[in-house]
Each structure stands twice: as C-alpha cells, then as structure tokens.
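See below for the structure under consideration.
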Amino acid sequence: MRFIVLLTTCLCLSASLAAADSIDLGFNDDSFQLGYAHGLVRDEYGATSVNARFLYNDEEETFLGSLGLDFTGEPGNIPGLELGVGGKLYGGNTNDNIDFLNLGVGARATYAPPRLGGLGVDGRFVYAPKIFSFLDSDRLTESEVRLTYAAVPRVKVYVGYQNVRLKPDDGSTRTIDESIRIGFIGYF
C-alpha cells in the first residue's frame, strides 16, 4: 500500500509543464481526491493521456491510488462532445484490512455544448473483472458523474457523485467510496 501511495505522489509531483496537463482536487467533510493528468499526444484524431490519482475516505477507511491511460476524441458532428476509453490500475486498502489490486477498463463521456456558456456534464464507468483482480478482491467498479462549469478558460469547477464498489474474496460487496464532492480542475 505504501508503494502505491508513494508512486502516485511521485507521479503527481514530477509533472513536466505541458499544455495538456491538469490537476484535479475534489473534497467534502470526510474525503478528498487529488488527481494529475499528463497529455502525451493531441492531434486531429484525438488525445492520449496518462493520469494518477490518490483518494482518501475517512468514513469508509479507504486509501486508493490509481494509474490510468485514456484515449479520447470528438465526434465531428456534435460540438462539445468528447468520448473516450481507457484502462486503470487500482491499488489500496479499505476497512477490515482488505487489500486490493485491480486492472479495469472503462469508458467516459464529456458534453459541454458551446451554447451553454461553459456548463457541462462528465461521466465515466470503469469495471475490473475477476480475471484482472488480485490480493483480497474479486471485482471492482467505479462510476462517476459531474456537473461542471468552466469559470475561466483554465479552470473548471464541479460538483460530482462518485461510487467505488469492491467485491472481496468472501463474496460480499463493499462500497469503499460513495461521495458527493465539490472541486476544481486546473489546466496548465
């Protein structure tokens, strides 16, 4: 677990200054989430980026780190729509000393039409099946939806709902994070 936290922190702090990088900070009274994304490629076909995240939820006693690779693009006929797929490696520890390591695949969508003046909605879903789940876990799912507003060109503020569920080896299902958070994404 310490290795995952250390690796996520190093990735976040070793950011090179590139045009497509972003920092994401979301919080509430019981949890916070810090994310960093680094753009690798952006061209007329779309974008490829890597991301790292650390999540702490005091109420569920959850420490979660993740590393991901996303491929996104914009369909040509719908302004403001961005679709993507990717993979995410999760690792962490939750209450009852459940250690988990999962590799998930997922999809995401962002819709912020120009006529709404910066208002948009983001959603994503990631699923880690049993074959890609290790340590004390058999499955993991993560879903999130956010209402966003581009306050200025380099800052989006948001309110979002996130749910992360883990199925341990014992066959039960545990919600390791279910939170409504406010936050911001800063681009540099």
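Regarding segment 71-82, can at least one residue be identified that is assigned to a strand (DSSP E or B), in contact with a Leu (Cβ under 7 Å, 6 or more places away or on another chain) and within 24 Å of R181 (Cα to Cα)? No: segment 71-82 contains no residue that is assigned to a strand (DSSP E or B), in contact with a Leu (Cβ under 7 Å, 6 or more places away or on another chain) and within 24 Å of R181 (Cα to Cα). Residues considered: L135, L147, L166. Of these, the only one that is within 17 Å of L55 (Cβ to Cβ) and either touching a helix residue (DSSP H, G or I) at 6+ places or on another chain (Cβ under 6 Å) or among the aliphatic types (A, V, I, L, M) (or both) is L166. When the strands (runs of 3 or more DSSP E) confined to segment 95-188 are screened for residues that are buried (at least 19 other Cβ atoms within 10 Å of the Cβ), those reaching at least 2 such residues are found at 98-111, 119-128, 137-152, 155-168, 174-187. Note on segment 9-33: among residues that are small (G, A, S) and either modelled with pLDDT of 50 or more or in contact with a strand residue (DSSP E or B) (Cβ under 9 Å, 6 or more places away or on another chain) (or both), the one that is most open to solvent (accessible area, probe 1.4 Å) is A19. Looking only at segment 63-98, residues that are hydrophobic (A, V, I, L, M, F, W, C) and without any contact (Cβ under 8 Å) to a residue 40 or more places away in the chain come to 7 in all. Scanning segment 52-70 for residues that are out of contact with any helix residue (DSSP H, G or I) (no Cβ under 9 Å at 6 or more places or on another chain) and surrounded by 20 or more Cβ atoms within 10 Å (Cβ to Cβ) gives L55, N57, D70. In segment 42-70, how many are in a strand (DSSP E or B), modelled with pLDDT under 95 and out of contact with any Asp or Glu (no Cβ under 9 Å at 6 or more places or on another chain)? So the answer is 2.
The values are calculated or read from the model by the stated rules, or taken from the named source; none is laboratory data. Predicted model, so just to flag it, every value in this text is computed and none were measured. Because the Cβ atoms are built from the backbone with ideal geometry, glycine has one as well, and the counts that use them run over all protein chains shown. What goes into the accessible areas is simple: the full protein's heavy atoms, side chains included, and nothing from ligands, DNA or RNA. Shrake-Rupley method; radii C 1.70, N 1.55, O 1.52, S 1.80 Å.
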